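Peer 1: Here's a structure for you.
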Amino acid sequence: MDIPIELLERIRLAFQRGNYNITNHAYTRMQQRNITPQEIRSLVLEGQAIETREEIEATQKSVIVLFAGRTKLARALHVVVAEVERNKQPHLVVTVYEPGLDQWDSGFTMGQGGKA
């Protein structure tokens with residue numbers, strides 16, 4: 001899937017500058033799964049963007065990007081980042097999880113149905 005390079009550049013620049021927020025849901029998942037903020041930041045900056053989609057809610061449009069990568073200890077993770085109202089709000093870490101082989105290929109970048 002082609003993910004616009006401008007979108008990736010905006011997200012990665014925001015993460016480099018620390019201009020992002022982690023949702024309460026993502027914090028809860030991080031605690032449950034023993035995932036650190038540093039691992040999330042590293043994965044977004046160095047991982048692979050494997051999927052994007054637009055979501056439209058009542059008052060705003062978001063672009064969602066799914067990042068895949070591995071921690072320094074080789075633990076596979078997925079991080080979901082939202083760009084809400086481009087250039088008006090910080091980017092949001094929506095959730096983070098360990099992908100399973102029951103739904104993903106061995107590289108955790110391709111879903112079992114043939115797409116990310």
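Peer 1: How do the pairs read when you match residues in the stretch 5-23 that are of a type in the set (D, E, K, R) with residues anywhere that are in a helix (DSSP H, G or I) and surrounded by fewer than 17 Cβ atoms within 10 Å (Cβ to Cβ), using Cβ under 6 Å and keeping only pairs 6 or more apart or on different chains?
Peer 2: R12/L45
Peer 1: Further question on the same structure: Select, from G47, G18, the only residue that is open to solvent by less than 100 Å² (accessible area, probe 1.4 Å) and on the phi > 0 side of the Ramachandran plot. I'd like the intermediate steps shown before the answer.
Peer 2: Values: G47 fails: on the phi > 0 side of the Ramachandran plot.
Sole residue among the options that is open to solvent by less than 100 Å² (accessible area, probe 1.4 Å) and on the phi > 0 side of the Ramachandran plot: G18.
Peer 1: Here's another thing I want to ask about it. Counting only residues that are within 12 Å of the chain's Cα centre (by Cα) and among the charged types (D, E, K, R), which one in the stretch 29-44 is most open to solvent (accessible area, probe 1.4 Å)?
Peer 2: Top of the filtered list is R41.
Peer 1: Quickly run through the stretch 15-28 and pick out the residues that are more than 13 Å from the chain's Cα centre (by Cα) and in a helix (DSSP H, G or I). Spell out the reasoning first.
Peer 2: Initial filter on the stretch 15-28 (more than 13 Å from the chain's Cα centre (by Cα)): 16-19, 24-25, 27-28.
Once the filter is applied, which keeps residues that are more than 13 Å from the chain's Cα centre (by Cα) and in a helix (DSSP H, G or I), the stretch 15-28 yields Q16, R17, N24, H25, Y27, T28.
Peer 1: Please find, within the stretch 50-98, the residue that is nearest to D2 (Cα to Cα) out of those that are among the β-branched types (V, I, T) and open to solvent by 100 Å² or more (accessible area, probe 1.4 Å).
Peer 2: Checking each candidate, the answer is I56.
The values are calculated or read from the model by the stated rules, or taken from the named source; none is laboratory data. Just so we're clear, the structure is a prediction, and the values are computed from it rather than from any experiment. Neighbour counts run over all protein chains shown; Cβ positions are idealised from the backbone, glycine included. Heavy atoms of the whole protein, side chains included, go into the accessibility calculation; ligands, DNA and RNA do not. Shrake-Rupley method; radii C 1.70, N 1.55, O 1.52, S 1.80 Å.
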